[in-house]
Amino acid sequence: MNKGKIFKLAKGFRGRAKNCIRIARERVEKALQYSYRDRHNKKRDMRSLWIERINAGTRLHGVCIHCTQAVKKEISLVVARKDLIIRRSILCLSLSKQTIQDNTTRLTSWSLSSSFLAFDYQVNYGNFMHGLMKENIQLNRKVLSELSMHEPYSFKALVDVSRSAFPGNRPPVKKEGLAAIL
């Protein structure tokens with residue numbers, strides 16, 4: 001590169017890097033290396049931002065995860081039993097003078113009043129994109145992220161379409177009382 005081009009690129013640098021040719025050349029070369037690297041990093045950062053926005057939009061609408069019912073039931077039973085054991089031990093320690101019948105009634109009333117959810121039934125980014133692919137909807141991540149931010153009703157329609165791509169993907173039936181824990 002000639003001097004004029006180097007000084008033109010070095011305009012705005014601090015110290016001698018803007019008017020001393022040797023230092024300016026080194027700084028300009030390093031700046032060009034940084035700009036090359038960051039052009040590629042920008043693409044990666046934008047892609048991850050779009051994925052985060054799409055994921056947040058799909059979780060907002062609370063759709064079932066596409067997985068087998070048996071796995072969901074096993075996970076919820078294990079977590080619910082652990083929670084029940086912890087709650088029962090806390091109640092037995094704090095209410096040692098009351099009868100066992102009293103403890104069980106208080107345990108059930110406490111279980112009913114708590115907002116315990118064993119397994120969070122929400123769709124994730126991968127399942128959403130897979131459902132769109134199965135339905136042959138070809139929207140890129142940038143458009144989907146813009147829809148999730150600025151057009152929530154349109155995005156909800158896309159989530160519903162993605163959800164309908166899988167036949168067993170229905171929202172869970174919410175159970176009340178002890179049936180929700182067991």
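The values are calculated or read from the model by the stated rules, or taken from the named source; none is laboratory data. Because the structure is a prediction, the values reported are computed rather than measured. Note that we place each Cβ from the backbone using ideal geometry, even for glycine, and neighbour counts take in every protein chain shown.
Residue-wise test of (1) basic (Lys, Arg); (2) in a helix (DSSP H, G or I); (3) at pLDDT below 80.
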| site | (1), (2), (3) |
| --- | --- |
| Phe7 | no, yes, no |
| Ile23 | no, yes, no |
| Ala31 | no, yes, no |
| Tyr34 | no, yes, no |
| Glu52 | no, yes, no |
| Ala56 | no, yes, no |
| Val63 | no, no, yes |
| Val71 | no, yes, yes |
| Glu74 | no, yes, yes |
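The number of residues in region 1-21 that are without any contact (Cβ under 8 Å) to a residue 24 or more places away in the chain, surrounded by 10 or more Cβ atoms within 10 Å (Cβ to Cβ) and either closer than 30 Å to Lys142 by Cα or over 46 Å from the mean Cα position of the chain (by Cα) (or both) comes to 7. Restricting Ser111, Ser145, Ser154 to those that are modelled with pLDDT under 85 and in a helix (DSSP H, G or I) reduces the list to Ser111.
Contact map, region 116-132: first residue modelled with pLDDT of 75 or more, second residue of a type in the set (Lys, Arg), Cβ cut-off under 8 Å, separation 6 or more or different chains; pairs are Asn124/Arg59; Gly131/Arg163.
Of all the residues that make up region 30-56, how many are more than 30 Å from the chain's Cα centre (by Cα) and not hydrophobic (A, V, I, L, M, F, W, C)?
Qualifying residue count, region 30-56: 5.
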